[in-house]
Amino acid sequence: MSTPMPQQASASPMPEGVTDPNYQPLPGRLGNLTMIQLHTLEKLKKELKEEGHFDEKRMDDAMLLRFLRARKFDLVKTKEMLLNAEKWRKDFGVEDIVANFDFKEKAEVDKYYPQYYHKTDKEGRPVYVERLGKLDIKALYAATTQERQLQRLVLEYEKFLNDRLPACSKQVGHPIETSCTILDLGGVSLSNFYRVKDYVFQASSVGQDRYPETMGKFYIINAPWAFSAVWQVIKPWLDEVTVKKIDILGGSYKDALLKQIPVENLPAEFGGACNCPGGCSMSDAGPWNPKSGAQA
């Protein structure tokens with residue numbers, strides 16, 4: 001009788017700073033790489049350095065692995081994606097946005113198109129909320145422009161990677177690399193969506209192409225029947241891993257959200273118990289913001 005083969009150990013050590021003894025990295029992450037994956041990571045780094053594209057400050061192994069996972073560890077495709085993202089950073093002026101951009105109209109925009117990070121889910125990920133159904137297109141574009149919205153989006157992605165994720169990782173004792181998103185379509189009208197579709201598509205492209213592998217869980221709530229029907233059609237064409245991350249929910253979403261997000265962290269408007277002073281959408285409450293007093 002043959003003895004079962006022991007599970008193959010990871011070719012890469014655990015990332016630094018892990019204090020959670022139960023942490024088991026998902027495949028394709030530091031601490032759970034095959035020899036081939038580790039070799040591909042090292043080869044990518046070597047080529048980027050030789051060609052003068054390597055950014056010591058930003059391109060740590062976790063960042064490179066996000067791009068590698070997005071292209072299923074295909075070295076050529078990964079490098080193309082990464083270099084395109086680097087060119088976009090220069091063209092879009094990302095460093096300047098991080099240093100100087102001030103979204104003064106935030107409180108006004110919040111009334112017509114709320115988009116905000118708020119506390120964490122049960123896995124320690126930052127919760128991101130977007131309420132497309134509250135969109136008032138005329139008032140929104142009286143308060144801001146599409147270009148400034150995209151600049152704000154990029155600034156928030158940079159804060160997400162450099163401030164929010166490290167703070168969440170420290171709190172749980174292991175790397176947190178993704179978010180938990182709630183997209184609320186309650187009251188969305190096709191005509192309003194059509195007028196803002198360019199921004200939505202551009203925002204989606206920025207997320208997928210420039211900040212890949214940052215979506216952990218995605219709840220689409222108050223989805224109209226037509227949206228759910230379209231989802232059933234496109235679902236078979238999507239990657240299985242992506243499909244597992246997305247839940248399309250109608251109006252009965254409360255239980256599903258509370259399975260993933262502690263009741264004290266979920267805003268009351270979604271069936272939770274959180275009522276931040278001045279409103280959850282403006283509080284920026286979470287472990288990344290000590291002023292908020294929210295370490296949950």
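See the values below:
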item: Extension gain from residue 137 to residue 245, taking 0.36 nm per residue of separation minus the Cα-Cα distance; result: 36.0 nm
item: Residue among 283, 191, 179 with the largest mean-square fluctuation in a Gaussian network model of the chain, springs linking Cα atoms under 10 Å; result: 191
item: Set of lysines near residue 49 by C-alpha distance (under 22 Å), chain-local residues within fewer than 8 positions excluded; result: 57, 72, 77, 79, 87, 90
item: For residue 88, solvent-accessible area (1.4 Å; no DNA, RNA or ligand), Å²; result: 40 Å²
item: Residue 230 accessible area, assembled protein chains, probe 1.4 Å, Å²; result: 80 Å²
item: Rg and Dmax [Cα atoms of segment 199-296; Å; Rg one decimal, Dmax integer]; result: 15.9, 45
item: Spatially proximal aspartates and glutamates relative to residue 119 (Cα-Cα < 19 Å; intrachain offsets below 8 disregarded); result: 110, 130, 156, 158, 163, 177, 184, 255, 264, 269, 284
item: Dimensions in Å of segment 1-104 - Rg and Dmax from alpha carbons; result: 17.5, 71
item: Residues residue 20 and residue 56, FRET efficiency given R0 of 35 Å [Cβ-Cβ distance, rounded to 0.05]; result: 0.80
item: Estimated inter-spin distance, residue 122 and residue 147, nm [label 7 Å along Cα→Cβ]; result: 4.6 nm
item: Antiparallel DSSP beta bridges within the chain, percent to nearest 5; result: 25 percent
item: Cα-based Rg of the chain normalised by 2.2 N^0.38 Å, two decimals; result: 1.06
item: Nitroxide proxy distance, nm - points 7 Å out along Cα→Cβ at residue 233 and residue 162; result: 4.3 nm
item: Segment residue 71-residue 45, extension gain: residue separation times 0.36 nm, minus the distance between their alpha carbons; result: 7.8 nm
item: Acute angle (nearest 10 degrees) that the helix 190-205 long axis makes with the longest principal axis of the chain, alpha-carbon atoms; result: 20 degrees
item: Among 146, 232, 24: highest mean-square fluctuation, GNM of the chain, C-alpha pairs under 10 Å; result: 232
item: Accessible-area order (highest first, 1.4 angstrom probe) of the listed residues 38, 26; result: 26, 38
item: Kirkwood Rh and Cα Rg combined as Rg over Rh, evaluated for segment 32-190; result: 1.02
item: Percent carbon-and-sulfur accessible area, segment 65-150, ignoring ligands, DNA and RNA, probe 1.4 Å; result: 49 percent
item: Solvent-accessible area per residue, Å², over the chain with all protein chains present [probe radius 1.4 Å]; result: 55 Å²
item: Extension gain (nm, one decimal) between residue 256 and residue 170, 0.36 nm per residue minus Cα-Cα; result: 28.3 nm
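The values are calculated or read from the model by the stated rules, or taken from the named source; none is laboratory data. Bear in mind that the values here come from a model prediction, so they are computed numbers and not experimental data. Reconstructed Cβ throughout: ideal geometry from the backbone, glycine too, with neighbour counts over all protein chains shown. Accessible surface areas use protein heavy atoms only, side chains included; no ligands, DNA or RNA. Shrake-Rupley method; radii C 1.70, N 1.55, O 1.52, S 1.80 Å.
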